[in-house]
Structures are given as C-alpha cells and as structure tokens.
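Taking it in order: structure first as structure tokens, then the write-up.
The values are calculated or read from the model by the stated rules, or taken from the named source; none is laboratory data. A quick note: this is a predicted structure, and the numbers were derived from the prediction, not measured. Here the Cβ positions follow ideal geometry from the backbone for every residue, glycine too, while neighbour counts run over all protein chains shown.
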Amino acid sequence: MMRMAAIVNGIERPGRRWFQLYRALLHQDRGSAMVELALLMSLVGLPLLLGATELGNMVYASIEISNAAHSAAMYGGISLSLASDNAGMTTAAQQEAPDFSTGLSVSPNLYFVCSSAVGGTQYSTQSDANQACTGGTNHSLPFIKVTTQESLTPLIRVPGLPSTYSMVGVSVMEVAQ
C-alpha cells in the first residue's frame, strides 16, 4: 500500500491530494444558506406571519360586525312594527355575530325622510315627516339605521399600537310598508 504522506525535514506532511481535499472542504458553502435562511425567517418572516395573522383576525371581526348590522337592518326593514322592535333587532345582530354575541353594542334608529329628498332632513316621527313632505308625489319614507360596535383586543400586543380597536358596522335600509 502506498503511503499518502511525505516526510520532509523530519516532519510528516499530508500528500498533495489530501491537501486539496482539505482545502476544498474548507471553502464549501453547504449549510451556510440554510443558516442564513433560518436567521432571515426568525428576524423577518415570523413578525410578518404574526402581523398577517393579526390583520386577518381584525378583518374577519370587521366583516362579522358589519354583517351583524346588516342582519339587524334586514329584520327591521320587514315592516314598520319590526322597525320599532329594538330587542328583536339586537337579537338578530347578536345571532349574526356569535363570536361577540352579548358584548356587541347594537343601536337601531328609525327615522323618516321626504321622498323628494331622501338624503335631506331626517324626522324622528312619521307625523313630523308627513307635515314637512308637501306636494303631489312627495310623501314620507321610513328608514332604519343600525349601528353595531365592539371593542377588540389584539392577540399580540405591539408597542406603539393601540391596545384595543373599536370596530363599527353601519347599515341603512328603507322599511317596507
């Protein structure tokens, strides 16, 4: 068997082939990319993932609160008697937002406007609207406006951002007569 080392001046040195192999192993980049990726993911990727999760949670809550307002307005929009049923509209909103249910604040508001100026003056009673709406085709129209509100605490507390967020949903519908 051939010996791979040479003895020079009494010192044993590895052969040329071993030296080249040692040098090649010393300069390889295997694994360094994996270490860089792990550092990058822990410093940048994890906060981005947590932020996206928190944003998704807030968007979901906002949609649920808006849908609750719309559900209550649909309930009140069926008839004038149901538009006066605040407890029924509150129940409809709370059933639409089961994640918030009893903590959800529901504020229904029945008002009347003139048909010629729907975006104009709002009247609290139908008799006030009937007196104001004069003319041949001008008459009073009932509308129901439901506002839902909930305060949310984020899952992750980030310094510099609020500790609670107030989410509001609003829906306006004409009441069928």
Exercise for the section: Determine whether region 170-177 contains at least one residue that is in contact with a Phe, Trp or Tyr (Cβ under 6 Å, 6 or more places away or on another chain), over 30 Å from residue 47 (Cα atoms) and among the small types (Gly, Ala, Ser). Expected result: no
Exercise for the section: Tell me which residues, restricted to region 65-81, are aliphatic (A, V, I, L, M), surrounded by 20 or more Cβ atoms within 10 Å (Cβ to Cβ) and either in contact with a helix residue (DSSP H, G or I) (Cβ under 8 Å, 6 or more places away or on another chain) or not in a helix (DSSP H, G or I) (or both). Expected result: 68, 69, 72, 73
Exercise for the section: Determine whether residue 127 is in a strand (DSSP E or B) and polar (S, T, N, Q). Expected result: no
Exercise for the section: Hey, could you check region 82-101 for residues that are crowded, with 20+ Cβ neighbours inside 10 Å and in a loop (DSSP other than H, G, I, E, B) and say which is modelled with the lowest pLDDT? Expected result: 100
Exercise for the section: Would you mind stating whether residue 134 is out of contact with any Cys (no Cβ under 7 Å at 6 or more places or on another chain), buried (at least 20 other Cβ atoms within 10 Å of the Cβ) and not small (Gly, Ala, Ser)? Expected result: no
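What are the residues in region 102-119 that are in a loop (DSSP other than H, G, I, E, B) and within 30 Å of the chain's Cα centre (by Cα), if any?
If the condition is that a residue be in a loop (DSSP other than H, G, I, E, B) and within 30 Å of the chain's Cα centre (by Cα), then 104 is the only one that fits.
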Practice task
Quick one: which residue in 52, 61 is surrounded by 13 or more Cβ atoms within 10 Å (Cβ to Cβ) and within 18 Å of residue 155 (Cα to Cα)?
Solution key: 61
Exercise for the section: Name every residue in region 141-162 that is polar (S, T, N, Q) and at pLDDT 90 or above, in order of residue number. Expected result: 147, 148, 149, 151
